[in-house]
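Quick notes on the structure that follows.
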Amino acid sequence: FGREPDVLTTAPGRINLIGEHIDYLGGKVLPMAIDRNITVCAARIDTPLLRVFSDHTKTGLIELRLAELSPQSKERSWLNYIIGVVANYAKRGVAIPGFEMTVHSTLPAGAGLSSSAALETATALAIESLTNT
């Protein structure tokens, strides 16, 4: 976005050495972080927008109004992980400022390395830093 970010966050991908998809059924798992990650650079802006750019997609710069966040589909469906995090903080009373963020990933999407969880974690850490939550 042509300036230094206010915050930079990183969240690793992970593998499960044992117990893939049984944790939510009460089974035992043994997850382990790997050396691939998602990095988010974020900065406040003066307008009530969420502006997102990812070098891992072909969607280009996307702007969404914070007051009108809704689920995205097709090539924009990856934004739902970010939208869900933003919406949950807002639901809990956190005043979400307008912000822009870039997403850089060394995690291949859909490879079972928890890229969606890493994106959600990096987004949550950025929001907490931007809002002093």
Seminar exercise, completed: Filtering region 32-45 for residues that are in contact with a Gly (Cβ under 9 Å, 6 or more places away or on another chain), touching a residue at least 24 places away in the same chain (Cβ under 8 Å) and open to solvent by less than 70 Å² (accessible area, probe 1.4 Å) leaves a count of 4
Problem set entry | Condition met for GLU4 (modelled with pLDDT of 90 or more and either among the polar types (S, T, N, Q) or under 17 Å from the mean Cα position of the chain (by Cα) (or both)) | no
For this session: Pull up region 86-132, narrow it to residues that are in a helix (DSSP H, G or I) and among the acidic types (Asp, Glu), then point me to the one that is surrounded by the fewest Cβ atoms within 10 Å (Cβ to Cβ).
Result: GLU128
For this session: Sort out which residues of region 1-31 are polar (S, T, N, Q) and crowded, with 17+ Cβ neighbours inside 10 Å, and write them in order of number.
Result: THR9
For this session: Return the only residue of LEU66, LEU113 being on the phi < 0 side of the Ramachandran plot, modelled with pLDDT of 95 or more and not acidic (Asp, Glu).
Result: LEU66
Exercise. If you go through region 46-75 one residue at a time, how many are surrounded by 15 or more Cβ atoms within 10 Å (Cβ to Cβ) and either without any contact (Cβ under 8 Å) to a residue 12 or more places away in the chain or assigned to a helix (DSSP H, G or I) (or both)?
Worked result: 2
For this session: Please tell me if ILE82 is part of a helix (DSSP H, G or I) and either in contact (Cβ under 8 Å) with a residue 60 or more places away in the chain or open to solvent by less than 40 Å² (accessible area, probe 1.4 Å) (or both).
Result: yes
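The values are calculated or read from the model by the stated rules, or taken from the named source; none is laboratory data. Being a predicted model, the structure only gives us computed values, none of them experimental. Cβ coordinates were reconstructed from backbone atoms using ideal geometry, including for glycine residues, and neighbour counts include every protein chain displayed. Please note that ligands, DNA and RNA were not included when accessible areas were found on the heavy atoms of the full protein model with its side chains. Shrake-Rupley method; radii C 1.70, N 1.55, O 1.52, S 1.80 Å.
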